[in-house]
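One structure is given below, encoded as structure tokens.
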Amino acid sequence: MDEPRLRLAIQKSGRLTDPSLDLLARCGLKISRGKDQLMAYGENMPLDVLFVRDDDIPDLVQEDVCDLGLVGLNVLEERRLALAARGHPVRFEALRTLEFGRCRLSLAVPDDQAFGGPASLGGRRIATTYPYLLENFLRGHDVSAEIVTLSGAVEIAPRLGRADLIFDLVSTGSTLQANHLREVHTVLESHAVLIRTPVALPPLKDEWVERLVMRIDGVQQVRESKYIMLHAPRAALDEIRRLLPGSESPTIIPLEGTPERVAVHAVCRENVFWETLEGLKKAGASALLVLPVEKMLA
Ligand code: PRT
Ligand code: ZN
């Protein structure tokens, strides 16, 4: 009998596409994908990748078309609120926060206008493509404003006289600046997430979800991690330990013929900067070597 295959939805073409494909490749997945093909076959895992618009990803999981998805928290939360507003049960759950797709969903006002905090929004017109998140925010602050729902180009709404301010995604802020707008209040810090269906999967599929999640954890952990090796005076070990960034318990190895000096090996979960190496050297360390970590499995 054929092994059941997992189906994972990712964005077809946009900001999340390359980092999603990169993450999957780092998890060891090899896919074959013809040009413009909507589905790619996983050659070395029972996992196929479906390429879709990001807005469709929560629904594909909701409707059991896909078991997994990689999508922005902004899109996910908007969909969650939209379903809840219609009394529909939510049938997707976030498994992991991913390190890409970082942005903020914020309120922005025209440069020349003051902002008196959320309470000052009463009666104002706010343009957005995220009406449910905005409504949820306004309700939380007990203010009622007019929500102008647009399908795009939100940043030009104030200039066109369609709204007084906007509620939109920001990353560098240069789009706001180009449109003479100023970010005044962040409502949601967003990033990509891995989602799955809450439905119980057949054991073989479940096992592969677990393996994928474990690999994602491994990939995310090693991104900044470094393996550091050095020689140090035994007497300086406490100081050396203190200087090693984000390392738990270094391995201490005796050095043949020099009882007062030892070799120290440690995994640092943060980047190791020149300043750190200089500090270690000052504390008596020598023969310092910093290596990238490729894979890690706790
Ligand atoms: O076609 P499809 O519907 O799949 O794509 P899309 O156009 O809806 O999405 P896309 O590719 O623009 O974004 C996909 C996801 O990336 C979003 O849902 C967010 O989770 C995430 N993301 C991260 C961003 C940004 N950063 C971002 N900067 N999404 C949009 N932006 C916009 C921002 O609103 C501004 O208009 O990009 C513009 C540039 O931003 P600044 O602040 O750097 O100037
Ligand atoms: Zn979209």
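The values are calculated or read from the model by the stated rules, or taken from the named source; none is laboratory data. Bear in mind that the values here come from a model prediction, so they are computed numbers and not experimental data. No Cβ is skipped: glycine too gets one built from the backbone with ideal geometry, and neighbour counts run over all protein chains shown. These area figures cover heavy atoms from the full protein model, side chains too; ligands, DNA and RNA do not enter into them. Shrake-Rupley method; radii C 1.70, N 1.55, O 1.52, S 1.80 Å.
How large is the accessible surface per residue of the chain, computed with a 1.4 Å probe and reported in Å² as a whole number?
54
Give me the Å³ per residue figure for the convex hull around the C-alpha atoms of region 226-292.
Expressed per residue, the convex hull around the Cα atoms of region 226-292 is 72 Å³.
Based on the Cβ-Cβ distance of E239 and E189, what FRET efficiency does E = 1/(1 + (r/R0)^6) give at R0 = 35 Å, to the nearest 0.05?
Between E239 and E189 the formula returns 0.45.
Charges at C-beta only: +1 for Lys and Arg, -1 for Asp and Glu. How large is the resulting dipole of the chain about its Cα centre, in Debye rounded to 20?
Here the chain has a charge dipole of around 300 debye.
What aspartates and glutamates could a cross-link reach from K30, if we take a straight Cα to Cα line under 12 Å and drop same-chain neighbours fewer than 8 places away?
Counting by Cα, and skipping residues close in sequence, K30 has these aspartates and glutamates nearby: D22, E43, D48.
Per 10 Å bin from zero, what fraction in whole % of the C-alpha pairs of region 103-190 is there, up to the bin with the longest pair?
19, 59, 22, 0
Any aspartates and glutamates with Cα under 20 Å of the K282 Cα? List them, leaving off those in the same chain fewer than 8 positions away.
The reachable aspartates and glutamates, counting only those whose Cα sits under 20 Å from K282, are D238, E239, E260.
For region 204-261, what is the convex hull (Cα atoms) projected area averaged across all directions, in square nanometres?
Seen from a random direction, the Cα hull of region 204-261 projects 5.7 nm² on average.
Calculate for the chain the 222 nm mean residue ellipticity that helices alone would give, adding -39,500 (n - 2.57) per DSSP H run of length 4 or more and normalising by residue count, nearest 500 deg cm²/dmol.
-8000 deg cm²/dmol
Roughly what % antiparallel, to the nearest 5, for the DSSP beta bridges in the chain? Each step should come with its number before you reach the end.
Numbers: 43 of 58 bridges.
Roughly 75 percent of the beta bridges in the chain run antiparallel, per DSSP.
Give me the three principal axis extents of the chain from the C-alpha atoms, as integers in angstrom, largest value leading.
Here the spans come out as 79, 63, 36 Å, largest first.
Just subtract the alpha-carbon distance of T258 and E210 from 0.36 nm times their residue separation and send over the number in nm, one decimal.
Here the answer is 12.6 nm.
Decide, for region 1-111, between rounded, prolate and oblate: order the square roots of the alpha carbon gyration tensor eigenvalues as a ≥ b ≥ c, take rounded if a/c falls under 1.5, and otherwise choose prolate if a/b is larger than b/c, else oblate.
Taking the square roots of the gyration eigenvalues as a ≥ b ≥ c, region 1-111 is oblate.
Pairs K226/K295; K12/K205; K35/K205: which are spaced more than 20 Å apart, C-alpha to C-alpha?
Details: K226/K295 11 Å; K12/K205 24 Å; K35/K205 28 Å.
As for pairs spanning more than 20 Å Cα to Cα, those are K12/K205; K35/K205.
Kindly provide log₁₀ I(q)/I(0) values, in the same order as q = 0.10, 0.11, 0.13 Å⁻¹, from the Debye equation applied to equal alpha-carbon scatterers of region 53-151.
These q points yield log10 I(q)/I(0) values of -0.34, -0.41, -0.56.
Choose one of V267, S174, A285: the residue whose Cα lies farthest towards the positive end of the charge dipole of the chain (beta-carbon charges +1 Lys, Arg; -1 Asp, Glu; about the Cα centre).
Checked the options; the winner is A285.
If you count, for each residue, the other Cβ atoms within 10 Å and average over each peptide, how do 212-219, 57-64 line up from highest to lowest? Spell out each step's value before the answer.
Numbers: 212-219: 18.0, 57-64: 20.4.
The most tightly packed comes first, giving 57-64, 212-219.
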